[in-house]
Structure formats: structure tokens, C-alpha cells
Amino acid sequence: MPEKSRSNLLLGLACIVFSLVVVFIWIPLDTDSGIIEKVRRRLTIGDAMAPSIAGLFILIGGFVLITFERNTRKQPNIMASNFKFIIRTLSILFLSLLIMRYSGPFLVAAVNMTLIEPLEYRLLRDTIPWKHIGYFIGGVVLIAGLIAQVESRLSVVSVGVAILATIILILIYDFPFDDLLLPPNGDV
Amino acid sequence: MGVLDYIWLGITAVFQGPELFDFFGIPISITLVMIFCGFLLGIVVGATPGLAGPVAMAISLPILISAFGYSPDALLPVLGFLIGIMKGATVGGAVPAILFNTPGTPDAYLTTLDGYPMAQKGKAKKALRVAHFSSVSGDTFSDLVLFVCAPFLAIIVESYLDLPEKTALLILSLSFIAAVVGGSPAKGLVSAGLGLLAVYIGTGEDFYPRLSMGTQELSRGFPIATAVLGVLIIGAVFKGLEELWIENRSKGTIQQNYQSGDQQLRTKDIRQLAPYIARSAVIGTAIGALPGIGSTLAATLGYTVAKRRYDINKTDDMPNFGDGAPEGIAATEAANSSVSGANLIPVLSLGIPGNAAAVFLILAADSIGGFNPGPAVFKFTPDIINPELVIAFGLFTTMFLANILNWTIGGIFMRSMGVMIHIPKQFLLPVVLLLTLTAIYVQETRMEAILFALGFGVLGFFMRSLSISPLPFVIAFILGGKLEDSARQAFSASGNDPFFLFTSPVAAVFMAISVGVIIFMTNKSNDVI
């Protein structure tokens with residue numbers, strides 16, 4: 001006989017604890033007005049009311065989970081593999097975003113070593129090829145990295161797909177529109 | 001200005017809008033071209049396993065807004081394109097289900113039950129024709145109901161519902177969506193609660209942005225695109241990648257089916273299928289008109305009702321349901337397609353989105369401005385023109401035109417889309433992820449927005465891992481601000497009565513139903529959407 005899943009019970013308890021923390025700790029400490037406020041001798045709804053209702057939704061959901069839905073069939077569990085996958089995926093994403101953010105300024109700094117008058121990335125961020133460097137390298141790392149994770153190997157095909165897809169995205173988003181800024185050019 | 005004048009203005013707004021080119025001297029408006037392009041894109045996306053209409057809508061929205069700007073002239077081309085995608089993706093979804101037994105969406109799963117056996121018996125083209133005919137018939141019926149019902153419903157809402165009733169109606173919608181989407185009311189409530197909590201961060205009326213933890217990043221709140229695209233699209237991409245990662249790619253080869261016998265859809269076939277299509281169209285439309293229920297339940301109900309009927313009338317030479325009965329495809333496709341039009345009834349008449357496609361229509365209207373879905377849209381002002389009503393009738397016209405495209409070229413284009421199955425998902429999903437992150441960045445132009453979106457993506461991933469539907473989250477995020485505003489106004493208008501939701505009979509009934517629907521649905525279980 002398969003072991004009964006306790007996923008709904010644990011999720012319900014987690015929701016109840018979270019909602020109590022939200023309603024009794026986070027909202028009172030991080031909101032200026034209460035649930036009901038008296039302003040110029042008139043009662044008004046304060047800023048704490050709406051998030052408290054949100055907390056109430058989560059609390060009721062948690063309560064129903066641990067009482068009425070505790071023994072329902074098909075209770076999926078969160079496994080260690082879920083965490084392993086998401087941590088690996090986020091690592092690839094953060095690495096590619098870091099590359100996307102800093103490779104343009106880094107290349108400008110590298111080029112500056114050969115120049116008498118130094119360039120400034122901020123002034124170049126709307127000119128080709130500078131404005132595409134960060135997005136291109138970061139985008140290729142992102143796509144190829146995720147494909148490599150799924151396939152457990154880095155293949156020439158996946159890098160080719162990543163290069164082609166990133167170029168197509170640049171063509172779609174950047175070339176037809178003067179007012180759109182590709183990442184990271186709005187931040188640098 | 002009478003009703004007919006408004007209808008005529010809506011039609012002319014579509015046909016006589018800004019001209020893109022002329023065809024033998026006939027000016028072709030940009031809206032017509034956008035409907036056409038959106039429709040073709042929708043079929044391609046629907047036919048691609050791993051993609052769906054909302055993904056294409058999410059990604060095209062910033063491009064469309066950048067191309068057309070924020071003027072009211074942009075509304076019809078942008079919304080026309082999105083409606084084209086919605087319609088195209090609905091018919092396109094049947095292609096991988098029938099040809100390769102790989103349903104792209106949960107509602108297409110039931111299409112595989114009879115579609116794939118038909119394809120195995122060499123009747124793939126016929127199965128696709130049945131799916132297309134049934135889907136378009138159901139969709140057209142549903143659109144007709146939308147055109148007739150939405151204005152009347154809006155007028156009733158405006159005449160009978162005051163602020164407390166509208167607040168109670170919003171609570172009822174949230175409770176309804178939480179209770180019926182995904183099959184677990186408790187998980188639906190948690191999802192809706194998280195959506196409300198997220199939208200209230202960094203907002204409010206006080207000088208200090210509430211729940212911002214004193215940080216600059218949270219003090220501006222979460223941009224709507226980061227929450228909606230993060231939970232809905234990025235979460236789905238993460239989940240899809242994880243499934244591929246666990247399977248490490250299926251090594252199976254795609255079976256080629258060879259075709260034989262009559263592949264045409266004859267008048268006799270249509271006559272035989274018509275009762276099944278009609279029944280399912282009514283079921284799908286009725287279900288679609290209620291916010292949040294969605295096409296999966298409609299397809300299941302349509303299929304079950306049709307099976308019962310079929311078993312009574314079946315002769316020995318007819319295949320069983322599940323063994324390649326065209327009636328099974330017809331019942332499923334008509335039911336799930338008839339949801340899409342009717343789902344716009346709560347959107348246009350109440351401003352409450354009922355499904356993911358409607359969320360993007362509301363986002364587009366919000367971003368461009370000049371059209372706020374809700375009862376005010378349908379005010380028939382006799383002296384001055386109500387521009388929102390003209391847009392509403394323009395939208396109906398775009399839906400009709402998309403249906404005409406569906407009836408004419410949709411079938412041919414759909415049948416040529418079998419090739420999309422060959423795109424490996426492990427290549428497609430990372431590209432969709434970069435596409436989505438880019439779409440978010442070009443709207444917000446700060447890396448912070450990408451980080452927020454990834455955070456919501458992780459939330460969406462774990463919600464899917466725990467079978468918590470992300471749709472209540474998204475709809476609560478969209479309705480949260482409106483709910484708070486209307487509650488504040490209702491409280492003030494009722495003379496600070498703390499029981500303002502229970503003093504009017506209509507509001508009290510809505511609140512009772514809100515609780516009732518949660519209690520009623522608690523013991524039901526279904527698959528997550």
C-alpha cells in the first residue's frame with residue numbers, strides 16, 4: 001500500500017503560520033495606518049485592511065487544507081529534486097544576467113586600455129555594436145546554459161540555437177523600434 | 001446615437017482605421033492586417049507543443065505597444081492582434097493532440113482520446129477537419145452570445161449594482177475563481193491570497209508605501225508585467241524545463257501515420273456531428289460566461305455528455321468513444337472553443353478577467369488607455385459619442401473577422417502545422433524565457449524588474465509543483481487594487497457602516513454565494529489547469 005502523502009497537511013500548516021506572521025507581525029510593523037483609521041473625526045479604511053484580507057484568504061486556505069483536504073487523493077510533494085533543479089536554473093540565470101549587465105562596460109574598459117581618449121559605455125549604449133554586446137553574450141549564455149542543463153551536455157547545436165535565437169530577438173526588439181532599450185541599457 | 005449607429009461606428013473603426021496599403025484601390029486598414037497576422041501566429045503557437053496563446057500574447061504586447069503607441073488609435077490594432085492570437089491558438093491546439101498524441105493544453109487532452117486513434121487509422125486529415133469545423137462552430141456560437149449578452153449584462157450591472165454590491169461582486173469573482181480553478185478550493189484561496197498580498201506591497205494611501213520593508217525596490221510595488229508574466233509564463237517554463245531535465249529528453253521517435261481512405265468532411269458527416277457540436281457549444285458558452293472556470297471543465301463536460309448520448313445511439317459498425325469516434329473530437333473541440341468568446345462576457349461587462357487570454361486583453365487596454373472594460377463601456381449616450389462603446393463594437397467586429405478567417409483559411413493553415421512538433425522543447429523553452437525577460441525589460445527598463453519576474457517565476461514553479469493553479473494569483477493581482485478602491489468608497493458612501501457588505505440584499509447574497517461556493521467545491525478534486 002503506497003504511503004499516504006502529508007503534502008496538504010504540511011502546506012496548510014505553512015500557510016497558517018505564514019498568514020499569522022503576515023497579519024500579526026509584518027502588517028502592523030510595516031504599515032502606517034491600521035485596519036480602520038479616524039481621520040478628521042471620520043472613520044476610513046486604513047492601509048492595513050487590504051493586506052489583512054489577503055492574509056485571511058491564505059489563513060482560510062490553510063485551514064481548509066488541514067481539515068477538509070487533508071486526505072484528498074493526488075497530493076504532489078515538493079521533492080529535493082525540485083530544489084536542486086531550481087537552484088541550478090537560477091544559478092545559470094543569475095550568471096547570464098551578470099554577464100549581460102557587465103560585459104558591455106567590461107569590453108569598453110578593455111578597449112580603453114588601447115585608446116588615448118577613453119570611451120564611456122553610458123554614452124555608447126545606444127550605438128551598434130556596443131548596445132548589443134551585453135544582451136548578446138548574456139542571452140547566448142542563458143539559452144545555451146539552460147539547454148545544457150536539460151541535456152546534461154553542452155553541444156554545438158545548442159550554442160548555435162542560442163546564437164541564432166539571440167540575434168533574432170535583437171532583430172525583433174531593437175532594430176524596428178528606436179524607443180525600446182534592450183537589457184541592460186536602461187540601467188547603465 | 002442609437003444602437004445601430006454605434007454598431008456601424010465600430011465596424012467602420014475597424015475597416016476605415018489608419019490605412020496600411022491599398023489592394024487594387026481598396027484601402028486595407030492596419031487593424032485588418034493585425035487580425036490576420038495575430039491569427040496566423042496564434043495557429044503556429046497553438047500547434048507548437050510547450051507554447052500556448054497567452055505566451056504569444058505576453059511576448060507581443062510590449063512590441064505592439066511600442067509600435068502603435070499609447071493613443072486610442074492603437075487599441076483596435078493591438079486588441080485585434082491579441083484576439084487573432086486567441087482564436088488561432090484555440091484551433092491550433094488540436095494539431096499536436098491529433099497528429100502526435102501530445103496535447104499542448106489540458107483541454108486538448110480529451111481531443112487526443114479520439115483524435116489520435118483516428119490518425120493511427122489513417123484518418124488524420126479527417127480528424128483535423130472535424131476538429132477545425134467543430135472548434136470554429138463552437139467559437140462562432142459563443143461570440144454571438146457574447147455580442148448579445150455583454151451589453152445587456154453591463155446595463156443591468158450599472159443599473160442595479162451600487163458600490164457595496166460591486167465590492168461584493170469582486171469578492172464573489174475571486175472566491176469563485178479560487179474555488180473552481182484547479183479543483184482544490186483551499187489551494188485556490190491560497191493562490192488568490194498570495195496574489196492580493198503581492199499587489200498590496202508598495203501601494204496604499206499613506207505616505208509610507210506599505211509592506212515595503214523600508215526598501216526603495218519594494219516601495220514602487222511590483223509592476224503588473226513582472227507578476228503576471230513571472231507566475232504564468234516563467235513559472236511554466238521552469239516547470240517544463242524541469243520535466244525535460246528529469247526525463248533527460250524522451251528517446252522515443254515520433255510515429256509517422258500514413259493516410260488512407262476518404263479524408264473529406266462531407267455533408268453527411270456534418271449532419272451527424274451537428275447535435276454533438278450544438279450541445280457542446282451550449283455547455284462551453286454557459287461555462288465560459290462564469291469567470292475562471294475555463295475550458296478544461298467545459299471540454300470534460302462536453303465529452304461526457306456526448307459519450308452518454310453516443311452510447312445510446314451507437315450501431316455496431318461505429319467505433320467506441322476513445323477508439324477514434326469523430327463525435328468525440330467534435331464534442332471536445334466545440335466545448336473548449338466556445339469558452340473563449342463567452343469568457344469575454346465578464347471581461348467586457350464587469351471588467352473581471354475570466355482566463356489567461358482575457359488577462360492580456362485587460363493588460364493591453366490598461367497599458368494603452370482610453371478603454372476600461374466594465375459596465376461604463378456600454379453606456380449608450382444619445383447626444384455625444386461614447387468612444388469606449390465604439391471600441392467595444394470594434395472589438396466585436398474583429399472577433400467576427402477572426403472567425404471568418406477561421407472558417408476560410410484557418411483549416412488549411414492548421415493542417416499544415418504538423419511540422420511544429422519537430423521543434424525540440426529543450427530549445428524552445430529557454431528561448432521563450434529570454435523572450436519573456438526581454439519583453440519585461442523593454443517595458444520596465446530596469447534589471448530589478450527581471451529579478452522580480454524571476455522571483456515570481458520561482459513562485460509559479462513551486463505552485464505548479466504543489467498543484468496550486470497560478471490563475472487565481474494572477475486574477476487577484478489584477479483585481480486587488482480595484483477591490484480595495486471600491487471597498488474604501490463603499491465604506492465611505494455607506495456612512496462608515498462596517499457591515500456595508502451585508503446591509504444590501506444583493507451584496508449579502510453575493511457574500512453568501514462567495515462562502516457557499518468554497519464550501520460546495522471543497523470536496524471536489526480536479527487536475528490543475
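May I ask for the angle, rounded to the nearest 10°, between helix B:387-405 and the longest principal axis of chain B, with both axes built from Cα atoms and the value confined to 0 to 90°?
So the helix axis and the longest Cα principal axis differ by about 10 degrees.
Pick from A:Val159, A:Val141, A:Val64: which residue has the top mean-square fluctuation in a GNM of chain A where Cα pairs under 10 Å get a spring?
Per the Cα network of chain A with a 10 Å cutoff, A:Val64 tops the list.
With each label point set 7 Å from Cα along the Cα-Cβ vector, what nm distance links A:Leu123 and B:Asn320?
About 7.9 nm, to one decimal.
Starting from the residue with the highest accessible area, list B:Lys482, B:Lys123, A:Lys38 in decreasing order, probe 1.4 Å. Walk me through the numbers before you get to the answer.
On the way: B:Lys482 85, B:Lys123 60, A:Lys38 145 Å².
Largest to smallest exposure gives the sequence A:Lys38, B:Lys482, B:Lys123.
Roughly how many nanometres apart are two label points built 7 Å out from the Cα toward the Cβ at A:Asp187 and B:Thr408?
Here the answer is 4.8 nm between the modelled labels.
Between B:Val509 and B:Glu158, what is the label-to-label distance in nm when each label sits 7 Å out along the Cα-to-Cβ direction?
Here the modelled spin labels are 2.2 nm apart.
Could you tell me which of rounded, prolate or oblate describes the range B:27-146, using a ≥ b ≥ c as the square roots of the eigenvalues of the alpha-carbon gyration tensor, with rounded for a/c under 1.5 and, failing that, prolate when a/b is larger than b/c and oblate otherwise? Show your work: numbers first, answer last.
Values: a/c = 2.74, a/b = 2.05, b/c = 1.34.
Prolate shape, in that a/c is at least 1.5 and a/b is the bigger ratio.
May I ask you to compute the full-extension gain from B:Glu217 to B:Ile423, defined as 0.36 nm times their residue separation minus their alpha-carbon distance, rounded to one decimal in nm?
Details: separation 206, 0.36 × 206 = 74.16 nm, distance 3.88 nm.
Gain on stretching B:Glu217 to B:Ile423: 70.3 nm.
Over chain B, what is the relative contact order in whole percent, taking alpha-carbon pairs under 8 Å and six or more residues apart? Please list the in-between numbers first.
Numbers: 1021 pairs, mean separation 155.9, N = 529.
Computed value for chain B: 29 percent relative contact order.
Assuming R0 = 60 Å, can you tell me the calculated FRET efficiency for the pair B:Ser416 and A:Leu20, based on Cβ-Cβ distance, to the nearest 0.05?
On the way: r = 57 Å, r/R0 = 0.94.
Computed FRET efficiency for B:Ser416 and A:Leu20 comes out at 0.60.
What whole-number value in cubic angstrom gives the convex hull volume per residue for the C-alpha atoms of the range B:364-407? All intermediate terms of the calculation are to be shown ahead of the outcome.
Working: hull volume 3.7 nm³, N = 44.
Taking the convex hull of the Cα positions in the range B:364-407, it is 84 Å³ per residue.
If you keep only loop residues by DSSP, which chymotrypsin sites (Phe, Trp or Tyr not before Pro) in the range B:424-513 have at most 14 other Cβ atoms within 10 Å of their Cβ? Can you show the working numbers first?
Values: sites: B:Phe427, B:Tyr441, B:Phe452, B:Phe456, B:Phe461, B:Phe462, B:Phe473, B:Phe477, B:Phe491, B:Phe499, B:Phe500, B:Phe502, B:Phe510; in loops: B:Phe499.
Answer by residue number: B:Phe499.
Could you provide, to the nearest whole Å², the per residue accessible area of the range B:383-490 with probe 1.4 Å?
Numbers: 3260 Å² over 108 residues.
With all protein chains present, the range B:383-490 gives 30 Å² per residue.
Once the Cα gyration tensor of the range B:324-443 is diagonalised, what are the square roots of 5 times its eigenvalues, in whole Å and ordered largest first, as equivalent ellipsoid semi-axes?
32, 23, 14
Ignoring everything but the protein chains, give the 1.4 Å probe accessible area of A:Leu169 in square angstrom, nearest 10.
Answer for A:Leu169: close to 10 Å² accessible.
If you take the Cα atoms of the protein assembly as shown, find Rg, then find the Kirkwood Rh from the mean of 1/r over all pairs, what is Rg/Rh?
Working: Rg = 25.9 Å, Rh = 26.8 Å.
Radius of gyration relative to Kirkwood radius: 0.97.
Just check chain A against the gyration tensor rule for me: Cα atoms, a ≥ b ≥ c as the square roots of the eigenvalues, rounded for a/c under 1.5, and otherwise prolate or oblate depending on whether a/b exceeds b/c. List each step's numbers first, then the result.
Details: a/c = 3.37, a/b = 1.55, b/c = 2.18.
Oblate shape, in that a/c is at least 1.5 and b/c is the bigger or equal ratio.
Charges at C-beta only: +1 for Lys and Arg, -1 for Asp and Glu. How large is the resulting dipole of the protein assembly as shown about its Cα centre, in Debye rounded to 20? If you can, show how the numbers build up before the last one.
Numbers: 45 positive and 48 negative charges, 421 e Å.
The calculation lands at about 2020 debye.
Quick check on the range A:79-188: what are the equivalent-ellipsoid semi-axes from the Cα gyration tensor, as sqrt(5λ), descending, whole Å? Please report the intermediate quantities before stating the final value.
Numbers: eigenvalues 167, 52, 36 Å².
Whole-Å semi-axes of the equivalent ellipsoid: 29, 16, 13.
Accessible area, 1.4 Å probe, largest first: how do B:Met57, B:Met34 sort? Don't skip to the end; give the middle numbers.
Details: B:Met57 0, B:Met34 25 Å².
Solvent-accessible surface, decreasing: B:Met34, B:Met57.
Restricting the calculation to Cα positions, tell me the Rg (one decimal) and the Dmax (whole number) of the range B:95-252 in Å.
Answer for the range B:95-252, Rg first and Dmax second: 22.4, 68 Å.
Over all directions, what mean area does the Cα convex hull of the range A:1-78 project, stated in square nanometres? Intermediate results must be reported in sequence, preceding the final value.
Working: hull surface 25.0 nm².
Approximately 6.2 nm², given one-decimal rounding.
Under 8 Å for C-alpha pairs, at least 6 residues apart: give me the relative contact order for the range B:185-237, rounded to a whole percent.
On the way: 36 pairs, mean separation 13.3, N = 53.
Result for the range B:185-237 is 25 percent.
Please give the calculated 222 nm ellipticity per residue for chain A, where each DSSP H segment of at least 4 residues contributes -39500 (n - 2.57) and the sum is spread over every residue; nearest 500 deg cm²/dmol? Walk me through the numbers before you get to the answer.
Details: 7 runs with 115 residues, N = 188.
It comes out at -20500 deg cm²/dmol, rounded to the nearest 500.
Divide by every residue of chain B the summed helix terms, -39500 (n - 2.57) for each DSSP H run of at least 4, and state the resulting mean residue ellipticity at 222 nm, rounded to the nearest 500 deg cm²/dmol.
The helix contribution divided over chain B gives -22500 deg cm²/dmol.
Given N residues in chain B, what is Rg(Cα) / (2.2 N^0.38 Å)? List each step's numbers first, then the result.
Details: Rg = 23.0 Å, N = 529, 2.2 N^0.38 = 23.8 Å.
For chain B, the normalised Cα radius of gyration is 0.96.
Students often get this wrong, so check it: of A:Lys84/B:Lys187; B:Lys166/B:Lys187; B:Lys187/B:Lys307, which have C-alpha atoms separated by over 28 Å?
Exceeds cut-off: B:Lys187/B:Lys307.
Determine the share of the protein assembly as shown's accessible area contributed by carbon and sulfur atoms, expressed in whole percent, with a 1.4 angstrom probe.
Numbers: 20000 of 30140 Å².
About 66 percent, which is the carbon plus sulfur part of the accessible surface.
Taking the 0 to 90 degree range and rounding to the nearest ten, how far is the long axis of helix B:185-200 tilted relative to the main principal axis of chain B, both from C-alpha atoms?
On a 0 to 90 degree scale, this one is about 50.
Note every residue of the range B:398-435 with a reduction of at least 20 square angstrom in accessible area, all protein chains present versus the isolated chain, computed with a 1.4 Å probe, or write none.
Checking the loss per residue gives B:Gln426, B:Phe427, B:Pro430, B:Val431, B:Leu433, B:Leu434, B:Leu435.
Determine the per residue accessible area of the range B:145-256 with all protein chains present and a 1.4 angstrom probe, expressed in square angstrom.
Values: 4300 Å² over 112 residues.
Accessible area per residue: 38 Å².
In square angstrom and rounded to 100, what buried accessible area do you get between chains B and A, total over both, with the probe at 1.4 Å?
Separately minus together, B and A give about 6500 Å² buried.
Accessible area per residue, 1.4 Å probe, Å², for the range A:1-78: what's the number?
63
The values are calculated or read from the model by the stated rules, or taken from the named source; none is laboratory data. The shown structure was predicted, so the numbers you read here are calculated from the model rather than taken from an experiment. Because the Cβ atoms are built from the backbone with ideal geometry, glycine has one as well, and the counts that use them run over all protein chains shown. In case anyone asks, the SASA skips ligands and DNA or RNA and just uses the protein heavy atoms, side chains included. Shrake-Rupley method; radii C 1.70, N 1.55, O 1.52, S 1.80 Å.
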